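Since the structure comes first, as structure tokens, the remarks are kept for the end.
The values are calculated or read from the model by the stated rules, or taken from the named source; none is laboratory data. No experiment lies behind these values; they were computed from the predicted model shown. Every residue, glycine among them, receives a Cβ derived from its backbone with ideal geometry; neighbour counts consider all protein chains shown. For accessibility, only protein heavy atoms count, side chains too; no ligands or nucleic acids. Shrake-Rupley method; radii C 1.70, N 1.55, O 1.52, S 1.80 Å.
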Amino acid sequence: MAEANWYVVHTYSGYENKVKANIEKTIENRHLEEQILEVRVPLQDVVEMKNGVQRTVQKKMFPGYVLLNMVMNDDTWYVVRNTRGVTGFVGPGSKPVPLTDAEMYNLGIQSNGITVDFEVGDTVTVVGGVWKDTVGVIQSMNQAKQSVTINVELFGRETPVEINFAEIRKM
């Protein structure tokens, strides 16, 4: 079986969730679970101020686009391309182009697999970037962003700073 890749499908704006539901229904009806693995509408949390009240809402990262993890063949191409609300795959001409691993990592869908030997409370040294040679204690870790938050002294005060996993070493 061929390898599954992530593809981007262009849809009518505002129809992203309908397209997702239609594709998922077609996958179920045509038994394409082994070929179309996942359908996503990427969302992000946005803080809005409305009537003086701050609230967090989810908004589409890419209005008018849906991401598909699928094995590209004539059947899957036909099913997706002929779904109501889909205008086509993103790519030159009629040829869909899969997203690269770097693009998927930036979207937070695939990680680059950095494993770390430190945890919250450990003392670390920054080995790169603006804060090089700074020593701090890990306050929090964010696996999705591959970063930690440490407190550093800035102008005589403790200030939280976010640093990538690749830029720190355990002491």
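At a probe size of 1.4 Å, how large is the accessible area of GLU162, to the nearest 10 Å²?
100
Figure the gain on full extension for LYS170 and GLU153 (residue separation times 0.36 nm, minus the Cα-Cα span) and round it to one decimal in nm.
4.3 nm
How far is the Cα center of the range 82-108 from the Cα center of the range 1-56, in Å?
First find each Cα centre; the distance between them is then 12 Å.
With all protein chains present, how much of the accessible area of the chain (probe radius 1.4 Å) comes from carbon and sulfur, to the nearest whole percent?
In the chain, the share of accessible area belonging to carbon and sulfur is 48 percent.
Hey, any idea what the orientation-averaged projected area of the convex hull of the chain's Cα atoms comes to, in nm²?
If you wrap the Cα atoms of the chain in a convex hull and average its projections, you get 14.6 nm².
Tell me, in nm to one decimal, what length is gained between GLU162 and ASN29 on full extension, where the rule is 0.36 nm per residue of separation less the Cα-Cα distance?
Taking GLU162 through ASN29 to full extension adds about 43.3 nm, to one decimal.
Counting only helical runs of four or more DSSP H residues, what would the 222 nm mean residue ellipticity of the chain come to if each run contributes -39,500 (n - 2.57) and the total is spread over all its residues?
-5000 deg cm²/dmol
Could you tell me which of the pairs LYS25/LYS59; LYS60/LYS132; LYS59/LYS132; LYS20/LYS95; LYS20/LYS59; LYS20/LYS50 are separated by over 26 angstrom between their Cα atoms in the structure shown?
LYS60/LYS132; LYS59/LYS132; LYS20/LYS50
If packing is taken as the average number of other Cβ atoms within 10 Å across a peptide's residues, how do 132-142, 8-18 rank, most packed first?
8-18, 132-142
Let me know the volume per residue of the alpha-carbon convex hull for the range 1-100, in Å³.
For the range 1-100, the hull spanned by Cα atoms encloses 115 Å³ per residue.
Per residue, how much accessible area does the chain show when a 1.4 Å probe rolls over the protein heavy atoms, in square angstrom?
65
Once you keep just the Cα pairs under 8 angstrom separated by 6 or more residues, what percentage relative contact order results for the chain?
20
Using Cα atoms only, what is the angle between the long axis of helix 16-30 and the major principal axis of the chain, expressed in degrees (0 to 90) to the nearest 10?
60
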